[in-house]
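Below is one structure; the comments refer to it alone.
The values are calculated or read from the model by the stated rules, or taken from the named source; none is laboratory data. As the structure is a prediction and not an experimental result, all values here were calculated from the model. Glycine also receives a Cβ, built like all others from the backbone with ideal geometry; neighbour counts cover every protein chain displayed. The accessibility values were calculated without ligands, DNA or RNA, using every heavy atom of the protein model including side chains. Shrake-Rupley method; radii C 1.70, N 1.55, O 1.52, S 1.80 Å.
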Amino acid sequence: MNEVWLVVLVVGVGTMTIKGLGPVLLGGRALPARLTDVVGLLAPALLGALVAVQTFGDGQSLVLDARVIGVGVAALALWRKAPLLVVVVAAAAATALARAVL
């Protein structure tokens with residue numbers, strides 16, 4: 001049990017150190033434009049990866065089920081520039097309908 005506390009302590013100190021280094025090293029200067037562009041792309045890429053894993057994955061296997069239909073309907077609604085609430089409701093309804101039928 002003592003090893004666990006040591007690991008938690010080391011990870012906590014490491015995390016605080018990494019978070020503190022940014023402001024200390026940059027000192028109020030703006031990030032370079034190239035780095036700002038990359039940081040701006042990280043959130044959409046991470047969200048896309050999470051959606052893909054949750055939609056098509058089940059442990060170590062590939063799954064094609066009603067979730068794929070829901071994501072497809074959501075993508076179509078987003079492409080047609082539907083409001084976010086309409087996208088969510090349409091995706092949920094399509095997934096529910098697919099689960100009921102399949």
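Annotation: residue 58 fulfils all but one of (1) at pLDDT 95 or above; (2) under 20 Å from the mean Cα position of the chain (by Cα); (3) not hydrophobic (A, V, I, L, M, F, W, C); the unmet one is (1). Any residue at all in the stretch 81-90 that's open to solvent by 50 Å² or more (accessible area, probe 1.4 Å), in contact with a helix residue (DSSP H, G or I) (Cβ under 7 Å, 6 or more places away or on another chain) and basic (Lys, Arg)? Within the stretch 81-90 (the criterion being open to solvent by 50 Å² or more (accessible area, probe 1.4 Å), in contact with a helix residue (DSSP H, G or I) (Cβ under 7 Å, 6 or more places away or on another chain) and basic (Lys, Arg)), the answer is no, since none of the residues qualifies.
The C-beta contact set for the stretch 49-66 (first residue under 17 Å from residue 94 (Cα atoms) and among the aromatic types (Phe, Trp, Tyr), second residue open to solvent by 60 Å² or more (accessible area, probe 1.4 Å) and assigned to a helix (DSSP H, G or I), distance under 9 angstrom, 6+ apart or interchain) comprises 56/67. Might you let me know whether the stretch 12-30 holds any residue that is polar (S, T, N, Q) and open to solvent by 80 Å² or more (accessible area, probe 1.4 Å)? No: the stretch 12-30 contains no residue that is polar (S, T, N, Q) and open to solvent by 80 Å² or more (accessible area, probe 1.4 Å).
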